[in-house]
Structure formats: C-alpha cells, structure tokens
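One structure is given below, encoded as structure tokens.
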Amino acid sequence: MYADLGGQKHSDPGTFRSRLAWWTGTIAAACWDRVLPHALCWPVDADTPTQWADADIGRPLCLSVVIREQERHGRYVRLSAYLDRTWTAWWARQWRWRSARDDDDDEALWSHVHGEWVVCENVERAARLATARDWSAVERIMSRADAKAYLASLHDGSRPLALSDKDTDILLTHLVHDARAIQHDGDVYKWGTARVTEQDRGILAVKGLHAQLERQVDAWQARMERAQATVRRALQAKEREAVTLSYLRTQKQLESMVDKRVLALEKVHTLLLSMDQAVGDAQLMQAYTASEKTLRSLLADPSLQPDHIDRTMDALAEARPRRRARR
C-alpha cells in the first residue's frame with residue numbers, strides 16, 4: 001500500500017483502483033475521526049509523508065498520486081477554490097474526461113499537491129447530519145455566527161463531531177452553494193429553499209435582541225450575587241451602619257436592573273413565540289416587521305429601556321384585533 005503508484009494506473013489498473021480506494025477511505029476516516037487537524041479538510045505539506053510513516057515500511061510513496069487522482073474526480077478540492085466558489089460540481093465532472101499522464105511518480109508530483117484539500121466525501125457526510133434536524137419558522141432564521149455555532153455542535157451518533165472553525169466554513173459553503181439547504185442574504189441565513197424576506201430580517205433582529213438580553217441578565221445576575229455576598233460579609237463583620245447601608249443600596253439597584261431585564265427578556269420571548277405562530281399570515285407578519293426599527297434601536301441602547309419594549313409590544317398586540325376585525 002505504501003509503494004509508488006506512478007505507472008500502475010495502466011499497467012495494473014485493478015491494483016491501482018484497490019490501493020487508491022484504500023488510501024481514500026483511510027484519509028477520509030482519519031479526518032472524520034479527528035486524527036488529523038480537521039474533519040473536512042486535509043492539510044498537506046512536506047511533513048505529511050512522515051506523519052503517515054510506518055516503523056517497518058517507512059514513508060508512503062503514493063500520497064501525491066492519490067491526491068492528483070481524487071482532484072481529477074472532484075473528490076478533493078483546494079480549500080481556497082472551494083470557499084471562493086471558483087470550483088463547481090460541473091467543473092469537477094469535466095476532470096473525469098481529461099486524460100492524464102501515468103508516468104508521474106510521487107516525488108515529481110509532490111510539490112504540486114501542497115496545500116489544504118477539502119475532502120468532499122466528509123463534507124457530504126456532515127451535511128446529512130446538519131440537515132437531519134427539523135426547524136421551526138423562527139429557529140430556521142439565524143446569523144452566520146449562529147449557523148456556524150450550530151454546525152460546530154453536530155454529533156455523529158453520540159460522539160461530538162467537533163468541527164473546527166475551518167470545517168464549519170467549508171460545511172456552510174456546501175450547504176449554501178451546493179446542497180441549497182440554506183438561503184442567505186447578507187448576514188441572514190435561512191434553512192430551507194424559500195428566499196430570505198424582510199420578515200426574516202425582522203425575526204433575526206428580535207432573536208438578536210433576545211440573545212443580548214440573555215447575556216445582560218446573566219451578567220447583572222452575577223453582579224447582584226456578588227453584591228449580596230458583600231452585604232452578608234459586612235453584616236457578619238459588623239461594619240459601620242453607613243457602609244452597610246451603602247452596600248444594601250447597591251444591592252437593591254442591581255436587583256432592580258435584573259428585574260427590568262428579566263421582564264424585557266420575557267416580553268421579547270413572547271414576541272418570538274408570536275412570530276413563530278404567525279408565520280404564513282402575510283399581513284400579520286408585516287405588522288411584526290414594522291417593529292424592526294424599534295427593535296434595532298433597542299439593540300443599540302445599552303439601557304434597553306422597558307418602556308420602549310412596552311410600546312412595541314402594545315403595537316404588536318393591537319395587530320391581531322385589527323386583523324380579526326377585517327375577517
């Protein structure tokens with residue numbers, strides 16, 4: 001298996017195909033199982049043969065031929081071309097009809113195959129895992145960062161796939177451009193075949209606000225707990241009354257801030273649920289979309305004033321009665 005493949009393609013095609021298939025499967029498995037740095041991409045450089053060296057046999061003398069053959073069949077694609085989309089499935093198919101020299105040995109080809117290679121077999125395997133989930137109308141709308149986070153969390157059975165950042169870029173590119181499982185416009189990514197709409201942008205804005213509020217609630221909750229601990233220590237140490245009262249005032253202020261943000265979070269969560277239920281009713285969705293400007297201003301406002309959210313919620317609540325009255 002480690003011997004040079006140069007010249008064997010025509011002199012012994014059966015053995016050539018067998019060895020090529022063995023190496024192809026072995027490399028794909030080593031990537032998938034994260035023996036190599038990435039699950040979907042194989043970095044190849046001057047040290048690669050040494051990494052595959054066997055104590056009894058030595059280094060493999062066939063890897064560059066394996067890479068050349070798989071590139072011709074569109075099974076390996078250079079990472080830069082894959083992400084830039086200068087490679088297409090049509091272009092890959094054309095390689096199958098191109099004649100190739102059979103007298104190139106491993107050493108002669110080696111300098112031409114250095115670089116990072118997308119292992120398309122693994123990309124398609126990961127895509128099947130990614131598309132197995134059913135999404136609700138709101139869940140299917142996400143930002144690029146959210147989409148990459150979801151892909152990074154994929155499991156192969158009970159085992160975390162542990163995709164690297166480079167892997168998630170590759171897989172997201174495949175899902176958008178090749179599998180057509182995701183539509184996107186700017187930073188709005190939408191699972192499915194339907195195009196991205198203004199309603200989708202509104203949903204993503206609300207989801208962004210919800211995530212920001214969750215982070216703020218967690219941060220303020222932690223500060224409040226630290227303040228409570230400070231008050232307890234002051235009481236136990238019997239510090240001066242003025243100092244203890246100062247600590248108590250700080251604690252109360254923090255509790256008030258947490259309460260306001262929890263209330264805002266609950267209202268935005270309710271808004272998301274309403275949006276999920278309303279998808280499909282175009283007029284009602286337009287009413288929700290009209291709130292996007294207000295929601296964007298809230299996102300830019302560090303204080304996230306509850307009265308802004310109240311006004312938005314009141315306007316949205318009035319949309320249902322008006323819609324029903326027209327029926």
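Distances between every pair of Cα atoms in the range 164-203, grouped in 10 Å steps from 0 to the bin holding the largest one, split as 30, 49, 19, 1 percent. Once the C-beta distance of Thr230 and Ala149 is scaled by a Förster radius of 25 Å, the resulting FRET efficiency is 0.10 to the nearest 0.05. The alpha-carbon atoms of the range 198-276, seen along their principal axes, cover 59, 14, 14 angstrom, with the largest extent given first.
Filter the cross-link list Lys166/Lys190; Lys166/Lys207; Lys207/Lys260; Lys148/Lys260 down to pairs whose alpha-carbon distance in this structure exceeds 28 Å.
On the way: Lys166/Lys190 21 Å; Lys166/Lys207 26 Å; Lys207/Lys260 18 Å; Lys148/Lys260 31 Å.
Check vs 28 Å cut-off fails for Lys148/Lys260.
Multiplying the residue separation of Arg133 and Asp187 by 0.36 nm and removing their Cα-Cα distance gives an extension gain of 17.3 nm.
Readers should treat all values here as calculations from the given coordinates under stated rules, not as data from a laboratory. Predicted, not measured: the structure shown is a model, and the values here were computed from it. For neighbour counting, all protein chains shown are included, and Cβ atoms are generated from backbone atoms with ideal geometry for every residue, glycine included.
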